[in-house]
Amino acid sequence: MFIINCPYCGERDQIEFSCGGEAHIVRPKQPTELSDDEWAEYLFMRKNIKGVQFERWNHAHGCRKWFNMVRDTSNDKIHAVYKMGEKPPVI
Amino acid sequence: MTKYRINKTRFVDQTKTVSFTFDGKEYHGFEGDTLASALLSNGIHLVGRSFKYHRPRGIMSCGSEEPNAICQINDNTDLTEPNVRVTEIELYEGLKASSQNCWPSLNFDIGGINNLISPFIPAGFYYKTFMWPKSFWKKIYEPLIRLSAGLGKSPTQPDPDIYDHKHEHCDVLVIGGGISGIISAKIAAKNNLKTILIEDKNILGGSTIYQNNKNFIIDNQKSNKWLMNEISELEKLDNLIIKTRTSLAAFHSYNYLLAKENISDHLPLDKKNCGIRQRLWKIRADKVIVAAGAIERPLIFNNNDRPGILLANSVKKYLDFYGVSSGLNNIIFTNNDSAYETAVSLFEKGISVKIIDIRKKSSSNIVKNAEDLGIKIYWNSTVVNTFGYKKIKSIEIMNLSEDGSNVTGNKHKIQCDCLSISGGWTPMVHMHTQSGGKLDFREIDQVFVPSEKSENHINVGSCNGDFELEEIVKNTNNKVKKFLNINESGFDKISVLCSKELEKKNIWLLPNTISEGKTKSFIDFQNDSTAKDIKLALREGFKSIEHVKRYTTTGMATDQGKLSNMHALGIIADTAGVKMGTLGTTTFRPPFTPLTFGAIVGRSVGKFFDVVRKTSIHEWHVQNNAKFENVGQWKRPWYYPINNENLHEAVQRESKTARDGAGILDASTLGKIDIQGSDASEFLNRVYTNAWSKLGIGKCRYGLMLNEDGMVYDDGVTTRLGENHYLMTTTTGGAANVLSKLEDYLQTEWPELDVYLTSVTDHYSTASICGPNSKKILKKLFPNKDFSDEAFPHMSYQDAIIDKIECRIMRISFTGELSYEINIESKYGKSLWENCIKAGEEYKITPYGTETMHLLRAEKGFIIVGQDTDGTMTPIDLQMDWIVSKKKYDFIGKRSLYRSDTIREDRKQLVGLLTDDPNEILEEGAQIVSELDKKPVEMIGHVTSSYFSPNLNKSIALAVVKGGKKMKGQKLFVPMENKNINVTVSDFIFLDKENKRINA
């Protein structure tokens, strides 16, 4: 059970949050111009890293804001949290 | 005093007698006893039968590691509990305990026959045997296995006790109230840190509190005296909370820990029902100090499981803590020095004791102490067999060969009534590994010790692999100071004298003269797995420790292998010729000791189990005899039976009246999202498959929402209330998820859109009136309003006022009938509803529930997302191409609609099904086949909705069938258990395809 530092609310228990999977996957601006493979890349392919991973999290039972989080999936250490649209930190 | 209560101690009050029963017979113990010490004081060792072979088994230990002595307590009461370790339960007046896993009685157990046939039931017996003949499985094997499965009896009544959850925060949490835990807690609390010390026993002190051996001296006092003073000082500290009878269940990441406190388990029956039985503490600690101690290892030799064979340090605890001698003619069998403390303690109380040691010598103080007392020691020897069926009577020993791999010389028989065994110590690394910590293997004494990495927790004392008293005190002091950033503590100048073990020797499986196949050297006592089983698993090709564990069930009993895991590993390593350190351990998972379900769920039982959502009209439904169904958390009226109607009869009547006269449905539970902002139309364009920009103000439109993968996600009618203002409805169950999904896209993909979302589901109540009479009823309710088709057409909305209260009327239909939905602020919902009923009386308005709603919409071929779809259906599969905009450049899921997989023509597609016999109603979920003779039979689809339609007077069904679009008119079959039902594929709109009724 992590303690997550919501960029809007501060430290809260993990129970208030939900994880939205890998971050920085941008929805293609012109999906209709993509081949099946290119679309599948966006739709299905995820890195699922054992180690440092950039993830989307939502403060679902709080401010309901989405933000990004850098977490090491091997030991659950949280390296950083940052707002949507902000540049990812270098870890 | 009984024959075995040979000593007075400060921990058991021998002036206070406590009576209890075991297997129906009354016995006496004293206040301060555990059930185990009380049984032993009465000379009772045999308390249970083993799981597989039903061998007689006795008390083996004095704590949570106990594999054998588990019993059913308070049988035939609603407080009964199975699998209670007699070593952990504190004795109380009136306690009723009974043995488990034996029939007809503990002393004569039919299942004991398994012991005789044991050569035929090795590891994997069940997997190998019950494979054939196949037909035997259901009628013979399964009932037989079920009969012999499990240990105790589950309670049959609801648990009358209350369980509690509580959150706690602290600077330092110390786990374990032994000597190292006490030192740690004192250092922390004295330095102004809010500290919690938890201990699973009822008093602090661990094994040092009864250590009165003269070889263990702290500050010139016997270690037990010194520790007592420390404890009394500790209890005075302000910022320290001491929680006894509290055991750690789980150590999660970020120092989030669960601990279970026993509050009334030790109280007499008549005082139990006054409050909370157990409390689960959810602790968030800044720092955690684990001082969980170590568990003594057994030794693995032939017939090492007889009643009367105990762990050596447990024998010492029964003697020095409870004043009970486990036997009067003792033999101690050891590979290390610690068992000598037991020998000395027994000898000093005048009890006969001999020692068998696998080592060639030991030159420590405690061994010298034993030798000086004249205790007979058999060096370089091992036990090769034991005798006595229900209680040990004698043993046979032999000398060990030079390298310890074999036995030599003659067998030597020795009489005894108790055999204490000690195979060294295993540090309790469970907490450390649960928190994510790794382990190192220490070759010299063959133990896994924590490999310190975490900044947030440390391990101290014997759970860290420090076994000598001096190490324990000094290392604990130093580590805790460093961990908490403290320069000085009261323990810096302490002097510790202790016996130190110099000679170490470990043999995982002791040698024997008889071949392994004929010995019973138990490793896991509770699950009856032996060294032979482990070796068999290895011979059969199992290599991973995790696989061997599961195949042989070693370590999988209620004790979770606290005594057995290390020996299993050791024997695997020896047999496979690999180093134990490279083999690794099995995973230590929470909870450390079994938790009651009560403690886990806490107060979330009965009406607190889940939130119940009721509409504002709920009371009316109750008064009018509605039967309810759960839709998510909502209670929705299911049907309204009149005069003992059953579901079918009520639904037939409701459905008929809704089409012939008028029906009214409480639609308040539908999700409602208020959407505002200058980009609201553009937003809807992107989330729905159809176009929204041209929807006029005051108009309604049905929308279908997809996932990005093209599959139908939700649907509902959205109304344009103003230029930049919409009211979206969603399915009842999907409301929360739809809102989350929309927020996600708005915040992350399209932050440039000016759109605001507000959930207003609970803000409005909705009465939906349908049927040919609905317009008349509306006219009565709103006499000033023009309900003509020109003034108020289908798929439009108007503001209105009823009883001075503003409301919205939408002319939309989910039944195919002329239909109006009135939305009003929730607090006026019931009054609106009652007005509708009153106004509709003369038009035979009939309230109908969800079942009728489902039937009516199925007649019309309207889908229900989640019933006719399952996350694999595209709008094309549903034959809803009409709602997918070809002109829109993009919307969620658009691109996926022409992926190679989604354009396949043999996808499952929505069709209607008509049974050849119009009275035959298909079962929802039933499989559909096209050929009965071809084997294997190919399932080409399944029934999603099925009803008997009173309006068409025949059975109708919706189904999804592979390539169904092109199958109209084709004959298919629905195979049921006893028959095949013939069906014909039809259009899925069964009624009023021309949409005439909507303007009727």
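The values are calculated or read from the model by the stated rules, or taken from the named source; none is laboratory data. Model, not experiment: these values are computed from the prediction. All Cβ positions, even for glycine, are placed from backbone atoms using ideal geometry, and neighbour counts span all protein chains on display.
As for the range B:658-667, it holds no residue that is free of Cβ contacts under 8 Å to residues at least 24 places away in the same chain and over 30 Å from A:Cys63 (Cα atoms).
Check every one of the strands (runs of 3 or more DSSP E) wholly within the range B:1-70 and list those with 3 or more residues that are farther than 26 Å from B:Gly293 by Cα and either in contact with a Gly (Cβ under 8 Å, 6 or more places away or on another chain) or not acidic (Asp, Glu) (or both).
Where strands (runs of 3 or more DSSP E) fall fully within the range B:1-70 and carry at least 3 residues being farther than 26 Å from B:Gly293 by Cα and either in contact with a Gly (Cβ under 8 Å, 6 or more places away or on another chain) or not acidic (Asp, Glu) (or both), they are B:13-22, B:25-31, B:46-49.
Only one of (1) within 12 Å of another protein chain (Cβ to nearest Cβ); (2) modelled with pLDDT of 95 or more fails for A:Lys77. Which number is that? Against the list (1) within 12 Å of another protein chain (Cβ to nearest Cβ); (2) modelled with pLDDT of 95 or more, A:Lys77 comes up short only on (2). Scan the range B:751-772 and give yes if some residue there is part of a helix (DSSP H, G or I), within 14 Å of chain A (Cβ to nearest Cβ) and out of contact with any strand residue (DSSP E or B) (no Cβ under 6 Å at 6 or more places or on another chain), otherwise no. Within the range B:751-772, not a single residue is part of a helix (DSSP H, G or I), within 14 Å of chain A (Cβ to nearest Cβ) and out of contact with any strand residue (DSSP E or B) (no Cβ under 6 Å at 6 or more places or on another chain).
Residues in the range B:891-935 that are surrounded by fewer than 16 Cβ atoms within 10 Å (Cβ to Cβ) and within 14 Å of chain A (Cβ to nearest Cβ) were compared, and the one that is nearest to B:Asn690 (Cα to Cα) is B:Tyr898.
Results for (1) surrounded by fewer than 21 Cβ atoms within 10 Å (Cβ to Cβ); (2) over 27 Å from B:Lys3 (Cβ atoms); (3) among the hydroxyl-bearing types (Ser, Thr, Tyr), shown as yes or no for each residue.
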position: B:Asp337; (1), (2), (3): no, yes, no
position: B:Ala343; (1), (2), (3): no, no, no
position: B:Lys349; (1), (2), (3): yes, no, no
position: B:Ile356; (1), (2), (3): no, no, no
position: B:Ser364; (1), (2), (3): yes, yes, yes
position: B:Leu373; (1), (2), (3): yes, no, no
position: B:Thr386; (1), (2), (3): no, no, yes
position: B:Asp403; (1), (2), (3): yes, yes, no
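Among the residues of the range B:367-394, the ones that are assigned to a helix (DSSP H, G or I) and in contact with a strand residue (DSSP E or B) (Cβ under 9 Å, 6 or more places away or on another chain) come to 3 in all.
Residues in the range B:484-491: is at least one under 38 Å from the mean Cα position of the chain (by Cα) and surrounded by 21 or more Cβ atoms within 10 Å (Cβ to Cβ)? Steps first, please.
From the range B:484-491, those under 38 Å from the mean Cα position of the chain (by Cα) are B:484; that's our starting set.
Filter once more, so that each one left must be surrounded by 21 or more Cβ atoms within 10 Å (Cβ to Cβ): none.
For the range B:484-491, residues under 38 Å from the mean Cα position of the chain (by Cα) and surrounded by 21 or more Cβ atoms within 10 Å (Cβ to Cβ): absent.
Being within 13 Å of another protein chain (Cβ to nearest Cβ) and modelled with pLDDT under 95 is the requirement here; does A:Val90 meet it? No.
Conditions (1) within 14 Å of chain A (Cβ to nearest Cβ); (2) out of contact with any Gly (no Cβ under 8 Å at 6 or more places or on another chain); (3) touching a residue at least 12 places away in the same chain (Cβ under 8 Å), marked per residue:
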{"position": "B:Leu227", "(1), (2), (3)": "no, no, yes"}
{"position": "B:Glu230", "(1), (2), (3)": "no, yes, yes"}
{"position": "B:Glu235", "(1), (2), (3)": "no, yes, no"}
{"position": "B:Ser247", "(1), (2), (3)": "no, yes, yes"}
{"position": "B:Ser264", "(1), (2), (3)": "no, no, yes"}
{"position": "B:Pro268", "(1), (2), (3)": "no, no, yes"}
{"position": "B:Asn273", "(1), (2), (3)": "no, yes, yes"}
{"position": "B:Gln278", "(1), (2), (3)": "no, no, yes"}
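Residues in the range B:454-467 that are surrounded by fewer than 24 Cβ atoms within 10 Å (Cβ to Cβ) and within 29 Å of the chain's Cα centre (by Cα): B:Ser454, B:Asn456, B:Ile458.
In the list B:Asp33, B:Asp23, which residue meets the criterion of being of a type in the set (Asp, Glu) and crowded, with 20+ Cβ neighbours inside 10 Å?
Working: B:Asp23 fails: crowded, with 20+ Cβ neighbours inside 10 Å.
One residue alone meets the criteria, B:Asp33.
For the range B:875-914, the set of residues classified as free of Cβ contacts under 8 Å to residues at least 60 places away in the same chain, of a type in the set (S, T, N, Q) and part of a loop (DSSP other than H, G, I, E, B) consists of B:Ser900 only.
Looking at B:Ser405, B:Ser454, B:Ser489 in this structure, which one is assigned by TED's automatic domain parsing to the domain that holds B:Asn335, of a type in the set (S, T, N, Q) and part of a loop (DSSP other than H, G, I, E, B)?
Step by step, each of B:Ser405, B:Ser454, B:Ser489 is checked, and only B:Ser405 is assigned by TED's automatic domain parsing to the domain that holds B:Asn335, of a type in the set (S, T, N, Q) and part of a loop (DSSP other than H, G, I, E, B).
Being surrounded by fewer than 19 Cβ atoms within 10 Å (Cβ to Cβ), within 14 Å of chain A (Cβ to nearest Cβ) and modelled with pLDDT under 95, is that true of even one residue in the range B:875-885? Taking every residue of the range B:875-885 in turn, at least one turns out to be surrounded by fewer than 19 Cβ atoms within 10 Å (Cβ to Cβ), within 14 Å of chain A (Cβ to nearest Cβ) and modelled with pLDDT under 95.
Those residues that are assigned to a strand (DSSP E or B) and free of Cβ contacts under 8 Å to residues at least 60 places away in the same chain, I need them from the range B:915-945; list them, please. Within the range B:915-945, B:Gln927, B:Ile928, B:Val929, B:Met939, B:Ile940, B:Gly941, B:His942, B:Val943 qualify. Every test in (1) more than 30 Å from A:Asn58 (Cα to Cα); (2) surrounded by fewer than 19 Cβ atoms within 10 Å (Cβ to Cβ) is passed by B:Ile777 save one, and that test is (2).
So which helices (runs of 4 or more DSSP H) are wholly in the range B:606-701 and hold at least 1 residues that are closer than 25 Å to B:Cys770 by Cα? The helices (runs of 4 or more DSSP H) meeting that bar are B:618-623, B:647-660. Checking the stated criteria, B:Glu471 turns out to be surrounded by 16 or more Cβ atoms within 10 Å (Cβ to Cβ) and not aromatic (Phe, Trp, Tyr). For the range B:707-721, state whether one or more residues are more than 25 Å from B:Ala839 (Cβ to Cβ), among the aliphatic types (A, V, I, L, M), assigned to a loop (DSSP other than H, G, I, E, B) and in contact (Cβ under 8 Å) with a residue 60 or more places away in the chain. Taking every residue of the range B:707-721 in turn, at least one turns out to be more than 25 Å from B:Ala839 (Cβ to Cβ), among the aliphatic types (A, V, I, L, M), assigned to a loop (DSSP other than H, G, I, E, B) and in contact (Cβ under 8 Å) with a residue 60 or more places away in the chain. Restricting to the range B:375-418, count the residues that are in contact with a helix residue (DSSP H, G or I) (Cβ under 8 Å, 6 or more places away or on another chain) and either closer than 24 Å to B:Lys500 by Cβ or modelled with pLDDT under 95 (or both). Matching residues across the range B:375-418 total 2.
So which of B:Lys962, B:Lys954 is surrounded by 13 or more Cβ atoms within 10 Å (Cβ to Cβ), of a type outside the set (Phe, Trp, Tyr) and more than 46 Å from the chain's Cα centre (by Cα)? If you could, list the steps in order and put the result at the bottom.
Values: B:Lys962 fails: more than 46 Å from the chain's Cα centre (by Cα).
Exactly one residue qualifies, and that residue is B:Lys954.
In the range A:47-70, the residue that is surrounded by the fewest Cβ atoms within 10 Å (Cβ to Cβ) out of those that are part of a strand (DSSP E or B) and more than 11 Å from every other protein chain (Cβ to nearest Cβ) is A:Val52.
Of a type in the set (A, V, I, L, M, F, W, C) and either under 30 Å from B:Glu842 (Cβ atoms) or within 14 Å of chain A (Cβ to nearest Cβ) (or both): does that describe B:Leu742? Answer is yes for this residue. Considering the range A:15-46, the residues that are part of a helix (DSSP H, G or I) and within 8 Å of chain B (Cβ to nearest Cβ) include one that is modelled with the lowest pLDDT, namely A:Thr32.
Quick test for you: out of B:Ala667, B:Ala662, pick the one residue that is more than 30 Å from B:Val884 (Cα to Cα) and among the hydrophobic types (A, V, I, L, M, F, W, C).
B:Ala662
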